[in-house]
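Working notes, beginning with the structure itself.
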Amino acid sequence: MSVLPHRTAWVPIDDHTPLDDAAELAAAWVREQARAHALQPFAPANGSAGPRHAVLAYLPDYDDVSRSIQAARHGAFAAVESGATPLIGWAMETKAVDLTTGEVTADTRSPALKEAIERIHFFDSNGWSRGFGADGAKRILGDLRPADRDKKVILGSLCALGSRGKALERLSELADRVWKRRSISIGADSG
């Protein structure tokens, strides 16, 4: 898996950290990164060129994360996770610091899942639209063991690798269809 040229941190959504506290944790980390590494803090997450940035994304979707990563290249990026857009896979892929614990996010992905993510990413040239890209992704998704069928981890990992929001939505729908079909055929085989 690739190592990104910027430092990353996040505040995962949980039942213990109010959103205001989560935002303050992320903002404090971004300010510290800006001071420590001579970065411009709180730059707009629009991917514009210029000085190195320390960027904060509050409750981002995957497109917001992609834009923020572009703005933070060679800088720092922190996100406060949205319940609608899980970032656990992104955090694993980028080795993001969990600001609620101060620890680097543990990468619990199996070797088979990491390989599958790389292979699925290869088929993202057309955003997993119909044809070659979708067919390849469906084949790989269908071959995953049930324990590795975690869309939160897969989609977030692919976001970290550069996949865009609309493409990830399509992949999510493909996974639902493939895994539903798989569970139906397995149920039919056991009956």
Query raised in the report: When only C-alpha pairs under 8 Å and at least 6 residues apart count, what is the relative contact order of the chain, in percent?
Result: 21
Report summary line: If one compares the long axis through the Cα atoms of helix 19-37 with the longest principal axis of the Cα atoms of the chain, the angle in degrees, nearest 10, works out at 60
Query raised in the report: Give me the log10 of I(q) over I(0) for region 67-159 at q = 0.10, 0.23, 0.24 Å⁻¹, as the Debye formula computes it from C-alpha points; what are the numbers?
Result: -0.30, -1.22, -1.27
Requested in this report: Just tell me which lysines come within less than 26 Å, Cα to Cα, of residue 138; anything on the same chain fewer than 8 places away is out.
Outcome: 114, 151, 152, 166, 180
Report summary line: Sorted by chain and then number, the residues having a modelled amide H within less than 5 Å of the amide H of residue 40, at least 5 places away or on another chain, are 52, 53, 54
Query raised in the report: Considering only protein heavy atoms, what per residue accessible area in square angstrom results for the chain with a 1.4 angstrom probe?
Result: 51
Report summary line: Helix 111-122: inclination vs the chain longest Cα principal axis, degrees, rounded to 10, gives 90
Query raised in the report: What is the sum of charges around residue 71, taking Lys and Arg as +1, Asp and Glu as -1, for the other residues whose C-beta is under 11 Å from the C-beta of residue 71?
Result: +2
Report summary line: Nearest 10, in degrees from 0 to 90: the angle of helix 62-71 to the longest Cα principal axis of the chain is 40
Report summary line: The long-range amide H neighbours of residue 57, using H built 1.01 Å from N in the peptide plane and a cut-off of under 5 Å, are 78, 79, 80
Query raised in the report: Hey, what D do you get for the chain in µm²/s if you plug the Kirkwood alpha-carbon radius into Stokes-Einstein at 4 °C and 1.567 mPa s?
Result: 75
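The values are calculated or read from the model by the stated rules, or taken from the named source; none is laboratory data. Everything numeric here is computed off the predicted structure, so don't read it as measured data. No Cβ is skipped: glycine too gets one built from the backbone with ideal geometry, and neighbour counts run over all protein chains shown. For the accessible areas, the whole protein counts, side chains as well, though only heavy atoms, and no ligand, DNA or RNA atoms are used. Shrake-Rupley method; radii C 1.70, N 1.55, O 1.52, S 1.80 Å.
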